[in-house]
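Questions regarding the structure given below will be posed in turn.
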Amino acid sequence: MLLPKRKMILLMMDFDHTIVDGNTDTKILDLFPKDMPDIKRKQNTGWTVHMQKLFQQFADLGITQGDYERSLKELNLNLGMGKLFEFVREHQSNIKVVIASDSNTWFIDTLTKHHNIGDLISHVYTNPAHWKGNHLMLSRFSINKECQMCEINMCKGQILTEEISKNTYDHVVYVGDGGNDLCPVLHLARSDVACPRQNYVLESRMERSPHLVRCRVCSWRDAREIIPILRDMLLLGKEIDAMDVSEEVEERVALGDSTLSSGDLQSHGKVWKVDVRPGDRNNG
């Protein structure tokens, strides 16, 4: 497809419960023997330090890297996420995908390779992890001393700000689900779009403070609902091709309905604000 002008979109995504349908940390805890005491409770030292201690216990129990891999690979991509990444693959020169997650490098690398999307990820901002024998060594991504909204080891708002400062983007689309995704959403400009997963924490927190959200917002249950937003941004609001999101929308596109917007293409998600217009995000 020939585009009238080269546009660059930053697609920043959370990982757990966003790209994959589950939590990598709690999934791994399934490997613990059933008679072990409850160790899933977050400790007051922070989640990353808590996971460091658990990985040491794993090593002491003889749980191997192969055990980790078999458990992680039971996590599937979220509904429609494969289709979203197919669209990204078709427009790689115009869409840069980065992940910002409180998981870790080894978990994310393992699953993105397993689901054949690793080559589409430009950068991963997460907690470093590497193997030393059968012990997965984990360290914090950073020390967050300023942002009260985020965890002690990571401020996703700061990550977004730094990513934008290093590159020029026409639009940013942020896709997430958790409480630590609110900070970056509040950094988005009017020409950007936030896509909270429907019925998850991020959506509810945004609904409680709508006056703080400057960007356009569309919640989703099926990741295919994000594709029309990206398509609109790339085509600057020109005609949108029919997509496999709902028979009703396909019929309206086929009939040449001039009132069709990206919001109409959201077959399941609640659309708060639609009409993805071109604009200088630096003026947002």
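Please go through (1) assigned to a strand (DSSP E or B); (2) of a type outside the set (A, V, I, L, M, F, W, C); (3) modelled with pLDDT under 95 for THR45 and return the number of the only condition it doesn't satisfy.
Of everything listed in (1) assigned to a strand (DSSP E or B); (2) of a type outside the set (A, V, I, L, M, F, W, C); (3) modelled with pLDDT under 95, THR45 misses just condition (1).
Continuing with this model, one more query. Of the conditions (1) open to solvent by 10 Å² or more (accessible area, probe 1.4 Å); (2) at pLDDT 95 or above, LEU202 fails just one. Which one is it?
Result: LEU202 fails condition (1) only.
Looking only at the stretch 151-162, how many residues end up being open to solvent by 60 Å² or more (accessible area, probe 1.4 Å) and out of contact with any Gly (no Cβ under 7 Å at 6 or more places or on another chain)?
Looking only at that region, the number is 3.
Conditions: (1) part of a helix (DSSP H, G or I); (2) without any contact (Cβ under 8 Å) to a residue 60 or more places away in the chain. ASP181 meets all but one. Number of the miss?
(2)
Still on this structure, please answer the following. Mind listing whichever residues of the stretch 159-193 are polar (S, T, N, Q) and in contact with a helix residue (DSSP H, G or I) (Cβ under 8 Å, 6 or more places away or on another chain)?
Just the residues of the stretch 159-193 that are polar (S, T, N, Q), to begin with: 161, 165, 167-168, 180, 191.
Within the stretch 159-193, ASN180, SER191 qualify.
Right, next: If you check every pair at least six apart or on different chains, which have Cβ atoms under 8 Å apart with a residue in the stretch 72-83 that is of a type in the set (Lys, Arg) first and a residue that is open to solvent by less than 30 Å² (accessible area, probe 1.4 Å) second?
These pairs meet every condition: LYS73/THR110; LYS73/LEU111; LYS83/ALA223; LYS83/ILE227.
Results for (1) out of contact with any Gly (no Cβ under 9 Å at 6 or more places or on another chain); (2) outside any strand (DSSP E or B); (3) of a type outside the set (Asp, Glu), shown as yes or no for each residue.
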{"position": "THR112", "(1), (2), (3)": "no, yes, yes"}
{"position": "HIS123", "(1), (2), (3)": "yes, no, yes"}
{"position": "HIS130", "(1), (2), (3)": "yes, no, yes"}
{"position": "GLU146", "(1), (2), (3)": "yes, yes, no"}
{"position": "MET149", "(1), (2), (3)": "no, yes, yes"}
{"position": "ILE164", "(1), (2), (3)": "yes, yes, yes"}
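Can you tell me which residue among ASP21, ASP25, ASP30 is of a type in the set (Asp, Glu), in contact with a helix residue (DSSP H, G or I) (Cβ under 7 Å, 6 or more places away or on another chain), modelled with pLDDT of 90 or more and more than 18 Å from PRO228 (Cα to Cα)? Break it down stepwise before answering.
Details: ASP21 fails: in contact with a helix residue (DSSP H, G or I) (Cβ under 7 Å, 6 or more places away or on another chain); ASP30 fails: modelled with pLDDT of 90 or more.
One residue alone meets the criteria, ASP25.
For residues that are out of contact with any Lys or Arg (no Cβ under 6 Å at 6 or more places or on another chain) and either surrounded by fewer than 21 Cβ atoms within 10 Å (Cβ to Cβ) or in a helix (DSSP H, G or I) (or both), tally how many sit in the stretch 205-221.
Of the residues in the stretch 205-221, 10 are out of contact with any Lys or Arg (no Cβ under 6 Å at 6 or more places or on another chain) and either surrounded by fewer than 21 Cβ atoms within 10 Å (Cβ to Cβ) or in a helix (DSSP H, G or I) (or both).
The values are calculated or read from the model by the stated rules, or taken from the named source; none is laboratory data. Predicted model only: the values in this text are computed from it and were never measured. Note that we place each Cβ from the backbone using ideal geometry, even for glycine, and neighbour counts take in every protein chain shown. Side chains are part of the model used for accessible areas, which takes the heavy atoms of the whole protein and leaves out ligands, DNA and RNA. Shrake-Rupley method; radii C 1.70, N 1.55, O 1.52, S 1.80 Å.
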